[in-house]
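Below is one structure; the comments refer to it alone.
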Amino acid sequence: MLPDLQPPTAFLSLSFAAVMASAILPPLLFCLVLLVSPYLGSSYHTSYTYDGKHYVIRSNSDPRQPKQAPTCQRSSSDGLPVLHRLSPCSPHGAAAARRQETTTTSVTDVLHRDALRLHSLFGDSDNHGAPAPAPSAPGGGVSIPSRGDPMEALPGAFEYHVTAGFGTPVQEFTVGFDTLTAGATLLKCTPCAAKEPCDEAFEPSASSSVRQVPCGTPGCPFHSCSGSPSCTFSMASNNTLLGNVTFLTDTLTLTSSTTLDNFRFACLEAGFRPKNNSTGVLDLSWNSHSLASRAPAILGTAAFSYCLPSSPDTMGFLSVGPPKPEVSGRKAIYTPLRTSSYNGNLYVVDLVGLGLGGPDLSVPPAAFAGDTLLDLRTTFTYLRPEAYAALRDGFRGRMSQYPTAPPLGKLDTCYNFTGLNMFMVPVVTLKFDGGADLDLSMDEMMYFPDPDNHFSVACLAFAAAPEHARVVAVVGNRAQASTEVVYDVRGGKLGFVPYRC
């Protein structure tokens, strides 16, 4: 058994037992290069992790399983299947495929979406790092934007989708999900605005189990309603109706065995509409009306967990009320989970250190004083500037033997591996309170513009957070990919189970 061997992308069909018996010395690396030198020019690669380093070696054949078309199944043994928005099984990806459009995303687009997301979380520097200000709406824990589309408050939303059913009989829709929401599950409903497509909208009148939330009741977040006995807020500009938000309760169907009666959600009507071909977003926040709060309180279960697919060609899962990993025989590492001091809907954890190739980086303790967010809609991971500087400088020092490449936007630590037979990078470890050390895989810590060719340009998938952001870090979805993230809300802890999807 090889010590500390991590599940690799693929194993090289050579024996590395002698190499791994001790620290890999330059002469042995030289021998490996000679072994693979006939494969120079191939873009295929094999990779493995050992002794705090990721190794990538050129191969003359593709070691991965042949790509197969996703089955687009509607069920999963782990819960709801989770798809990336560019998956051929998602509405956006399928539509792009029908139009024969590319479904790749440029780094410029990714960084733009990240910037919008960070702005929505922290606003401008004038806000001193507090969340973006809510508009002068009736309030009550739900933020409704002051103009345009409610989804503008959720920019870059819906990188990942699930299919959920609302009402009786069930009306199925593709929806996003998020732990950092405006404080409610949102769903596009009829009536729609004039000339607006309305085929993908919930029809309340077709459901026998729908109920209005009365204005002035605990389920209505508005202090006053727009001239209606129901919990409705209308928004207008220059005497033009922008849309309505009406709170309803109805049956939510997640799987054949998981249904929730009287589930509260906000209907977006008459002009309000989601982005990215999604019909809405499931609220997984700490809000008292969220989907997470409705998880059954059964001994040995968590509130929810998710595993994000590592690419558009793979599938993850979202599970509500799942057994805790240890109950299912899986090993999880846990860190304490708490609410944010400035927003009770937010889950936060404590990032207490960074590792690089094993040893801890020397970072001023003040850099880790504050909250860390795990975000589903930010792609890259953003660290407080002084923490990022320590990671960047340490990484550059250990990668000095490789040719650098120009920055890709905010990704300022890039290398050109073109023409090499092999390369290695030090493993980045996120160290959370309680001893939860999360080692990131190659694809979780590095960004490859051409993901199918690692012998090309690659950048460290980290950047400095905005100076005014009152957080230690925003851990993006790239760093979370293929890891099951377990929210044991009642137990006050967050768990990680690597390589679950």
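Observations, loosely collected:
- These residues, ASP350, ASP375, ASP313, ASP360, go from largest to smallest accessible area, 1.4 Å probe, as ASP360, ASP313, ASP350, ASP375.
- Gyration tensor (alpha-carbon) shape descriptor, the stretch 429-483, a/c threshold 1.5: oblate
- PHE304 long-range amide H proximity, modeled H, under 5 Å: GLY321, TYR487, VAL489
- In the stretch 353-470, taking the dipole from charged Cβ atoms about the Cα centre, the farthest positive-side position among PHE448, GLY357, ALA367 is held by ALA367.
- For SER230, the residues whose modelled amide H falls within less than 5 Å of its own, excluding neighbours fewer than 5 places apart on the same chain, are CYS215.
- Accessible area in the full protein assembly, largest first, 1.4 Å probe, for ARG384, ARG117: ARG384, ARG117
- Karplus-derived HN-Hα couplings along the stretch 439-449 (A = 6.51, B = -1.76, C = 1.60, θ = phi - 60°), whole Hz, x at Gly and Pro: 7, 8, 6, 3, 6, 7, 10, 10, 10, 10, x
- Proximal charge balance of ALA405 [Cβ under 15 Å; K/R count +1, D/E count -1]: +1
- 3J(HN,Hα) along the stretch 288-297, derived from phi through the Karplus expression 6.51 cos²θ - 1.76 cosθ + 1.60 where θ = phi - 60°, amounts to 5, 10, 6, 4, 4, 6, 8, 5, x, 8 Hz, with x in place of Gly and Pro.
The values are calculated or read from the model by the stated rules, or taken from the named source; none is laboratory data. Note that the coordinates shown come from a computational prediction; the quantities given were computed from them, not determined experimentally. In this analysis, Cβ positions are derived from the backbone assuming ideal geometry, glycine residues included, and neighbour counts consider all displayed protein chains. For the accessible areas, the whole protein counts, side chains as well, though only heavy atoms, and no ligand, DNA or RNA atoms are used. Shrake-Rupley method; radii C 1.70, N 1.55, O 1.52, S 1.80 Å.
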